[in-house]
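Working notes, structure below.
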Amino acid sequence: MRLYTATSERRRLVAFLAVALAVVAVLSGRLLWLQIFTGQALQVRAAEQWYRDLPLMAERGTIYDRNGVVLATSNLTYSVYLRPVAIKDKENTARQVADILGLAYENVLRKASSTTVSEWLIKMQVDKTTALQLAGQQLPGVYLSQTYQRSYPVGSVGAQVLGLVSVDNHGQEGLEAYYDDYLRGQDGKVATQSDLRGIKIENGVEYYLPAIAGDNLVLNLDAGVQNIVQNIISRAYTEHQAKSVSALVVDIRNGGIVASAAAPYYDLNEQPRDDVATLLAQIKNSPMINVLEPGSTFKIITLAAALEAGVVSLDDRFMCAGSRTIAGEKIKCWKTKGHGIQTLAEGVNNSCNCVFMDLALRLGVDKYYDYLAKFGIGQKAGVDFYGEPSGLLLNKKYVREVDLARIGFGQAIAVSPVQFIATVSALVGDGNLRSPRFVDRIGEQTLPTNVKRQILSPQTSATLSKLLYGVVTTGSGKKAAVPGYQIGGKTGTAQKYQNGAIAQGKYVSSFLGYLSVAGEPRYACYLYVDEPSTGVYYGSIVAAPYVGEIFAALAQYLKLPYDAQYANGQDNTLISVPDVRGLSVADAEKVLTKAGCFVEVDGDGDTITGSFPVYDSQIKKGEPVVLFTA
């Protein structure tokens, strides 16, 4: 038998009190935790049970061109919601909603009668007139919420630059995607006090959190120039039955992208949403995301490096017998019969491969690659657009002399068009390499400088420009000439590769040129035709004329001053192309040169089988004629 003493009683009381105090402490601590640390979250959870929200979409920022032309804007629309528990007459509500919105009655009735879903979004982007008609019916359980629909006042102009926006206001492609965080703004909402079933409480509290509109963008793009470019490349696409034609225009002074497009394209107000392949293919901004073998346009890079390094002078002479043998491997010039002895200027005008092989070899692998790195070749330009590649450049440690020679005239290398035009713009401009930019201002904020580094001395830039002006004045780029304006540039013709081998009959024809005003390079244009299929593929014939058209239209549109001293090697005298079929290559060249034609030869044969343009065609004196051999 256990005896209970006063001492044991006190011990039990102390233990009880200790346990009680511990329980109180735990409960108090929990209460403090709930009040201080999670009180706000619990309030939100409670509000979610007693309030029903309707989202208010933010108005997306407007996109302007550099002259204030609206390229993309947002129109107010509405989304329609159904809350089944709040709908009193489900059949009548479903019928009226279906009739007004053009929906299937059965589908609306099914959602209006749902017992498992508290709220249905049944249609987005309903226009204002229709929304007012629906609101006028005052149907319980039917709610409207503001949304916006993107519209494009200039239609297809700049479509591939602007890109796409989803129905829920998110950028998907182009600048709409790249600057989405700025354009989209912050959504708001309307919170209505409701009972547990979601039915609005009469005279209940309603909270309004307004949406905050997105920032506007002001571009460097010029809608007028963009329209000019798109019209001209569309015609080139049709006339040469090409896979695609792309063009890019850059303001040399600040790196601003004035125009960028690829044909074919579509009107953003009529997007082929039911044809996903076309939608995605024709929205691609090719100059921003492609890589291509530059062909002879890359000779600008080799020439600039050789001049800056001092390994060549204007007094140097070069011999072209139609090929060079390097480390036992024969590499042909495009003119397999050879150009003979030439000055540097003549070699540039003739786009002689042998001259540029010599320049690359004089530089050597290490020095040449140092200049490529300095010029930004094989690197991203840093354009404000998603998907920019860095190009393809052989690792220096694997480059043999034969590889170096090929790179020197634009083979065994691939460039990004936007990076390439940025580099050339710097080389012929003030020598400063800039990151190309579509956007000039976000809201009221002007973007900081885009100058990356100086890559060429003013003296070398002046010499380079002098040589490139000669290409258009007396060389292979005559068809890019615009009387009254100083044009420089370089033609390019590159074979395409497929599965590691040359794709027979597939070429990329290109021209990279620039227009100067009072001796100052102002606008650069890079145009390339992917797989022309009308039988002629030389850049001098296929691409150069369209660059000339772009510059002519641009000069007129921008009211650039006419200067009579720049005839660009073209008088307006028309000559008839002589018939040289059956003659030897040498004799045919003499006949055509005497007639005033610039001659290019296609093929390794000894006898002329035809020409482009064909004999008796009327051309301007000095323009190129391609001879075909057998």
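The values are calculated or read from the model by the stated rules, or taken from the named source; none is laboratory data. Every value quoted in this text rests on a predicted model; they were computed, and no experiment measured them. Every residue, glycine among them, receives a Cβ derived from its backbone with ideal geometry; neighbour counts consider all protein chains shown. Calculation scope for accessible area: heavy atoms of the full protein, side chains included, ligands and nucleic acids excluded. Shrake-Rupley method; radii C 1.70, N 1.55, O 1.52, S 1.80 Å.
With a cut-off of 8 Å between alpha carbons and a minimum separation of six or more residues, what is the relative contact order of the chain in percent?
12
Can you return the lysines within cross-link range of K479? Criterion is Cα-Cα under 23 Å, with same-chain partners fewer than 8 residues away left out.
Hits, sequence-local ones excluded: K243, K299, K335, K466, K490, K506, K559, K590, K594, K620, K621.
Pop out the Kirkwood hydrodynamic radius of the range 498-558 from its pairwise C-alpha distances, inverse of mean 1/r, in Å to one decimal.
13.1
By how many nm would the segment from A501 to L558 grow when fully extended, if each residue of separation counts as 0.36 nm and the alpha-carbon distance is taken off?
Result for the pair: 16.0 nm of gain on full extension.
For the pair S234 and M124, what calculated FRET efficiency results from E = 1/(1 + (r/R0)^6), where r is the Cβ-Cβ distance and R0 = 45 Å, to the nearest 0.05?
Result of the calculation: an efficiency of 0.85.
Compute the convex hull volume of the Cα atoms of the range 62-156, divide it by the residue count, and report the result per residue in Å³ as a whole number. Intermediate values should be presented prior to the final figure.
Working: hull volume 10.3 nm³, N = 95.
For the range 62-156, the hull spanned by Cα atoms encloses 109 Å³ per residue.
FRET efficiency for K243 and E106, Cβ-Cβ distance as r, R0 = 60 Å, nearest 0.05? Before the final figure, lay out each step's value.
On the way: r = 47 Å, r/R0 = 0.78.
Once rounded, the FRET efficiency stands at 0.80.
Summarise the accessible area of the chain (1.4 Å probe, protein heavy atoms) by the percent that is carbon and sulfur.
Answer for the chain: carbon and sulfur cover 52 percent of the accessible area.
Using a 1.4 Å probe on the protein heavy atoms only, what accessible surface does K189 show? Give it in Å² to the nearest 10.
Approximately 90 Å² of K189 is accessible to the 1.4 Å probe.
Of H339, H170, H240, which has the most accessible area with a 1.4 Å probe, and how do the rest follow in descending order?
Greatest to least solvent exposure: H170, H339, H240.
Starting from the Cα gyration tensor of the range 407-528, take the square roots of the eigenvalues, sort them a ≥ b ≥ c, and report rounded, prolate or oblate (rounded when a/c is under 1.5, otherwise prolate if a/b is larger than b/c, else oblate).
Numbers: a/c = 1.89, a/b = 1.26, b/c = 1.50.
In terms of gyration-tensor shape, oblate.
Kindly report, to the nearest 10 Å², the accessible surface of V311 as traced by a 1.4 Å probe over protein heavy atoms only.
We get 40 Å² for V311.
Hey, could you get me the Stokes-Einstein D for the range 500-630, Kirkwood radius over alpha-carbon pairs, 25 °C and 0.890 mPa s, rounded to whole µm² s⁻¹?
For the chosen part, D equals 148 µm²/s.
Expected output is a single nm value to one decimal: the length gained when fully extending between K88 and L447, i.e. 0.36 nm times separation in residues minus the C-alpha distance. What is it?
Additional length available on full extension: 123.7 nm.
Where the convex hull is taken over the Cα atoms of the chain, what is its projected area averaged over directions, in nm²?
48.0
Please list 69-75, 228-234 highest first by mean number of surrounding beta-carbon atoms within 10 Å per residue. Walk me through the numbers before you get to the answer.
Values: 69-75: 19.3, 228-234: 22.0.
Averaged packing, sorted descending, gives the order 228-234, 69-75.
For the range 234-240, in order, what is each residue's ³J(HN,Hα) by Karplus, 6.51 cos²θ - 1.76 cosθ + 1.60 with θ = phi - 60°, in whole Hz (x at glycine and Pro)?
5, 5, 4, 4, 6, 5, 9
Give the accessible surface of the chain per residue, rounded to a whole number of Å², with probe radius 1.4 Å and ligands, DNA and RNA excluded. Could the numbers behind the result be given before it?
Numbers: 28770 Å² over 630 residues.
So the chain comes to 46 Å² accessible per residue, rounded to a whole number.
Residue by residue through the range 253-262, which ³J(HN,Hα) values in whole Hz follow from phi under the Karplus form 6.51 cos²θ - 1.76 cosθ + 1.60 (θ = phi - 60°), with glycine and proline marked x?
After applying 6.51 cos²θ - 1.76 cosθ + 1.60, I find 6, 9, x, x, 7, 8, 7, 7, 6, 9 Hz.
Explain nothing, just compute: Karplus ³J(HN,Hα) = 6.51 cos²θ - 1.76 cosθ + 1.60, θ = phi - 60°, for every residue of the range 524-541 in order, whole Hz, x for Gly and Pro.
Per-residue couplings from phi come out as 10, 9, 10, 10, 9, 10, 8, 6, x, 10, 9, x, 10, 9, 5, x, 5, 9 Hz.
Apply 1/(1 + (r/R0)^6) to the Cβ-Cβ distance of D315 and S584, taking R0 = 51 Å, and write down the FRET efficiency to the nearest 0.05.
E(calc), rounded to 0.05, equals 0.95.
For a quick check: with amide H placed at 1.01 Å from N, whose amide H comes under 5 Å from L164's, ignoring anything fewer than 5 positions away on the same chain?
Q172, E173, G174, E176, A177
Counting Lys and Arg as +1 and Asp and Glu as -1, what is the net charge of the other residues whose Cβ lies under 12 Å from the Cβ of I122?
+3
Need the full-extension length gain, D267 to V117, defined as separation in residues times 0.36 nm minus the C-alpha distance. One decimal, nm.
Details: separation 150, 0.36 × 150 = 54.00 nm, distance 3.86 nm.
Answer, rounded to one decimal: 50.1 nm.
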